[in-house]
Structure formats: C-alpha cells, structure tokens
C-alpha cells in the first residue's frame with residue numbers, strides 16, 4: 001500500500017516569529033479525505049559539548065511552557081539560510097563560551113512528527129576551548145557540568161526530560177569510544 005498523503009488545500013491560521021500554523025485538507029492512501037493541523041518550524045540545532053575529562057556542559061534555563069527550569073544541552077533555532085553546524089557552533093559559543101576543535105554529527109531528531117515540521121540537527125563538540133558565554137539579551141542561563149555517566153543516569157531516571165538532550169546523551173554514551 002502507498003502511504004503518501006496528498007495535500008488538497010491549505011488554510012493559514014497563524015504566522016509568528018518562530019513558527020506558523022496551517023490546516024490542510026488531504027487525501028488519504030485509500031482515497032478518503034481528512035484534515036491535518038501542522039506547525040511549520042524553521043528547524044533547530046543542538047550541540048553536545050563533551051570535555052576532555054568526560055563531562056557534558058549543560059545549560060539550565062526556565063522553560064515557560066512547562067513553568068520550570070530544565071537542564072538541556074545548548075540548542076537554538078536555525079536562522080534563515082543558516083547551516084546547521086554553523087548554528088550549533090554559534091549556540092555553543094553564545095550559551096557556554098566554548099569553541100569546538102572538532103565536531104561530529106549525531107544525526108537529526110524529529111521532536112513531534114505528528115503535527116510539527118521541526119527538525120533538530122544534533123552535533124557533538126569535542127576538543128573544547130573555554131571562553132566567556134555571550135547569551136542573547138533575553139536568555140538567562142546557568143552552566144552546569146555533568147559527567148557523561150551521571151547524565152546517562154539522569155536521563156534514565158527522567159531527571160533530564162528534554163527529548164533532544166536525552167537522545168544526544170544516549171548517542172554520546174553509545175559512541176563514547178569512537179568520539180574520544
């Protein structure tokens with residue numbers, strides 16, 4: 001069976017700075033029609049800074065939709081036309097002050113494929129050089145270093161709830177011998 005869904009019509013509902021929302025009429029593989037609500041997002045990047053001593057550099061920040069402070073690996077949205085690796089290196093510098101001597105792609109992450117087009121490009125940052133963070137003017141962060149094994153334990157105990165961070169921590173733990 002062909003699984004493709006054909007777009008028949010689109011209604012734009014909202015266009016904001018970070019995302020837009022539209023509702024599409026679609027044709028299902030069996031010929032019936034249905035609706036799909038879609039959040040269009042420009043995409044994002046996440047970079048996992050791993051120190052030579054085996055610590056990951058996290059940032060803690062307040063996440064308004066959840067009303068709490070979350071530990072996350074440095075991340076941000078892609079600017080129009082920006083290459084994912086360049087964006088990751090920018091976020092690394094802004095949020096932690098560090099620069100990477102080497103990077104390794106950790107692939108892509110689709111956080112909510114049922115209704116959102118966002119793709120997060122993930123990288124490991126290695127051979128770090130320390131510097132001074134330069135967060136955006138509306139960004140308030142606390143930098144925290146967590147040993148990789150402890151970060152993995154925290155993921156498994158759901159003490160780190162952010163999806164992209166969970167995936168990156170587990171990938172780095174599995175790839176640790178190839179990264180160092």
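All of the numbers you see were taken from the coordinates with simple rules; none came from a lab. These numbers come from a predicted model, not from an experiment.
Summary of values
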quantity	calculated
Translational D in µm²/s for region 9-90 (Stokes-Einstein at 25 °C, 0.890 mPa s, Kirkwood Rh from C-alpha pairs)	153 µm²/s
Helix-only [θ]222 nm of the chain, DSSP H runs n ≥ 4, -39500 (n - 2.57) each, per residue, nearest 500	-7000 deg cm²/dmol
Helix axis angle, 84-96 relative to the chain longest principal axis, alpha carbon, degrees	50 degrees
Radius of gyration, Dmax [the chain; alpha carbons; angstrom]	18.5, 58
The chain: most fluctuating residue of 59, 39, 69 per GNM, C-alpha cutoff 10 Å	69
Of 87, 125, 25, the one that fluctuates the most in a GNM where the chain has Cα springs shorter than 10 Å	25
Highest-fluctuation residue, 64, 140, 115 considered, GNM on the chain with Cα pairs under 10 Å	64
